[in-house]
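The structure appears below as structure tokens.
The values are calculated or read from the model by the stated rules, or taken from the named source; none is laboratory data. Keep in mind that this is a model prediction, so the values were computed, not measured. Virtual Cβ from ideal backbone geometry, glycine too; neighbours counted across all protein chains shown. To get the accessible areas, we keep the full protein, side chains included, count just its heavy atoms, and leave off ligands, DNA and RNA. Shrake-Rupley method; radii C 1.70, N 1.55, O 1.52, S 1.80 Å.
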Amino acid sequence: MSRLSVYWPDECDSTMAAGKNRPTILPFPRRHAVESGPRLDVIARARLLFANRRCRNCSYPVVEPLELDDAMTNSSGLEIPGTATLVGFRCQSCDAEWNV
Ligand SMILES: [Zn+2]
């Protein structure tokens, strides 16, 4: 079992100035460092899905989005839906494919 100590900034400064045991400060990643993956443009993605909601060949209403394998993952290692790069669509009826 590990023992963690909490230092307030005033205590940390006085401890370091006195030359006592130097506290170990664990760094937390900044928010922008966590989001350094592919930029997620939700509105552009929603517009693409809406514009390609029907097959271009047969107008069938069930179209599958084709995505790259670069989706962001959550803390459990599972893909976060809607974060993969959208590259095209495939019709479920006639198997026609087209790029975005
Ligand atoms: Zn089709």
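Remarks
- In segment 58-68, of all residues being out of contact with any Lys or Arg (no Cβ under 6 Å at 6 or more places or on another chain) and either polar (S, T, N, Q) or assigned to a loop (DSSP other than H, G, I, E, B) (or both), the one that is surrounded by the most Cβ atoms within 10 Å (Cβ to Cβ) corresponds to Tyr60.
- Check on Thr24, surrounded by 14 or more Cβ atoms within 10 Å (Cβ to Cβ), in a loop (DSSP other than H, G, I, E, B), modelled with pLDDT under 90 and more than 16 Å from the ligand (Cβ to nearest atom): no
- Subset tally (residues that are charged (D, E, K, R) and in contact (Cβ under 8 Å) with a residue 40 or more places away in the chain) for segment 53-100: 1
- For Ala71, the conditions (1) away from the ligand (no atom under 16 Å from the Cβ); (2) open to solvent by 80 Å² or more (accessible area, probe 1.4 Å); (3) outside any helix (DSSP H, G or I); (4) modelled with pLDDT of 75 or more all hold with the exception of (2).
- Every residue from segment 74-86 that is in a loop (DSSP other than H, G, I, E, B) and over 16 Å from Asn99 (Cα atoms): Asn74, Ser75, Ser76, Gly77, Leu78, Ile80, Pro81, Gly82, Thr83
- The set of residues from segment 74-99 being within 16 Å of the ligand (Cβ to nearest atom) and farther than 14 Å from Asn52 by Cβ comprises Ser93, Cys94, Asp95.
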